[in-house]
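What follows is a set of notes on a single structure, which appears directly below.
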Amino acid sequence: SAYPLRAGKGWCFEGGIRVPVIIRDPRAKANGTVCSVPVYAEDYYSTIMEQAGVKMPKGQGLDGASLTGLLNGKKSVERTEPMVWHYPRYHGSGHVPSSAIREGDWKLVDNYHLEKQFLFNLKDDIGETKNLAKSNPKKTAELLKKMHDYLKKIGAGMPKLNPNYDPNFKPPPKKKKPKKIKEKK
């Protein structure tokens, strides 16, 4: 259970994306401290590059932000791109295609399957129980645009309707296997 967080692994709700991170760097000034600044896997590459003193190759795109400042005691991360999670597929956990964006305390989930947006203020509602999309249409539209602009920029694959889908399709009946006859000894 991820309680009090909503949903679980593989979902765009907090139960699927909010996990503890432990980073150990013997040179970091903030070793042994706890930090509550949101970070995600996309931040690791730029952090490792900066910590190693390696310059980013020319023309190479970069998702995420370096966490070096946090490792040295800063209280925030300077981001040039939004934090976005994109799961455009169905998942065995029950997750349906969706994406999420987080900016400060605000988080928007765009559920492609339901064609519905969910807006939450995580500071007030860590369990994502109150959908604020209808009561905050301006914030919903702002985050939705930022997220989809970002997904377009990076060339993210989007869910598409299956042109061969037939809602009336019924699979042929399974053939019954003949019963095995046990031999008497």
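List pairs: first residue in the range 162-185 and free of Cβ contacts under 8 Å to residues at least 60 places away in the same chain, second residue surrounded by 10 or more Cβ atoms within 10 Å (Cβ to Cβ) and of a type in the set (S, T, N, Q) anywhere in the structure, Cβ distance under 9 angstrom, at least six positions apart or on different chains.
none
Among the residues of the range 1-16, how many are in contact (Cβ under 8 Å) with a residue 60 or more places away in the chain and open to solvent by less than 30 Å² (accessible area, probe 1.4 Å)?
Selection size over the range 1-16: 6.
Taking E81 as meeting all but one of (1) touching a strand residue (DSSP E or B) at 6+ places or on another chain (Cβ under 9 Å); (2) in contact (Cβ under 8 Å) with a residue 40 or more places away in the chain; (3) not hydrophobic (A, V, I, L, M, F, W, C), write down the number of the exception.
Exception for E81: condition (1).
The values are calculated or read from the model by the stated rules, or taken from the named source; none is laboratory data. All of these numbers come straight from a predicted model, not from anything done at the bench. Positions of Cβ are generated from backbone atoms using ideal geometry, with glycine treated the same way; all protein chains shown enter the neighbour counts. In case anyone asks, the SASA skips ligands and DNA or RNA and just uses the protein heavy atoms, side chains included. Shrake-Rupley method; radii C 1.70, N 1.55, O 1.52, S 1.80 Å.
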